[in-house]
Amino acid sequence: MIMRRMGAPAKLYLLVFVLSGFIIGMGCYGILQMNTMNQNTRTLYNDRVFSMDQLGDIRFFYESILYTAQQSKNLQITYKQALREVQRSEDSIGTNWKAYLLTYLTPEEKQLAGQAADLMHRSKPDIERLKKILAEEDGQAPGQISNIDLYGHI
């Protein structure tokens, strides 16, 4: 009844007002959804992409230990330099591994992380032996480095 008594300009104003409210509501809903999508993307990046980068860094630093052992065995770098590089690599491995474990892991990833932790634990004595040999700076170090089975555990 009220609509019948309203004039054409009033009806148009009401229509514009209702449609404007609808458009503003849709805009607010879109902004909220974009914030949710942004948060989901951030979580995806931190838990998947960045964690893969951390695992790649861990692999790189283990390879760095192997390469440093080879260089010191061939007397291409000093034992002090080699010891410093091995220690730096070990520190980086620990830092990246702790950061990786703080991300969300699926059940399969948890299982694989457990296996990786076991392998890392098994390589620890060989790396400690390498560090001990490098710290002693013995003339027989190249032969002793050859006897360490780094490749078997790393």
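The values are calculated or read from the model by the stated rules, or taken from the named source; none is laboratory data. What you see is a predicted model, and the numbers here were worked out from it, not measured in a lab. Don't worry about glycine lacking a Cβ; one is built from the backbone with ideal geometry, like all the others, and counts go over all protein chains shown.
Listed values, structure above:
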item	result
Any chance residue 62 is of a type in the set (Ser, Thr, Tyr) and either closer than 29 Å to residue 85 by Cβ or not in a helix (DSSP H, G or I) (or both)	yes
In the range 103-154, the residues that are within 25 Å of the chain's Cα centre (by Cα), at pLDDT below 85, within 20 Å of residue 75 (Cα to Cα) and surrounded by 11 or more Cβ atoms within 10 Å (Cβ to Cβ)	150
Residue under evaluation residue 43, criteria (1) in contact (Cβ under 8 Å) with a residue 60 or more places away in the chain; (2) closer than 24 Å to residue 145 by Cβ; (3) not charged (D, E, K, R), criterion not met	(2)
Exclusive hit being farther than 25 Å from residue 96 by Cα and surrounded by 13 or more Cβ atoms within 10 Å (Cβ to Cβ), set 62, 79	79
Residue 36 vs. criteria in contact (Cβ under 8 Å) with a residue 40 or more places away in the chain, farther than 30 Å from residue 123 by Cβ and assigned to a helix (DSSP H, G or I)	no
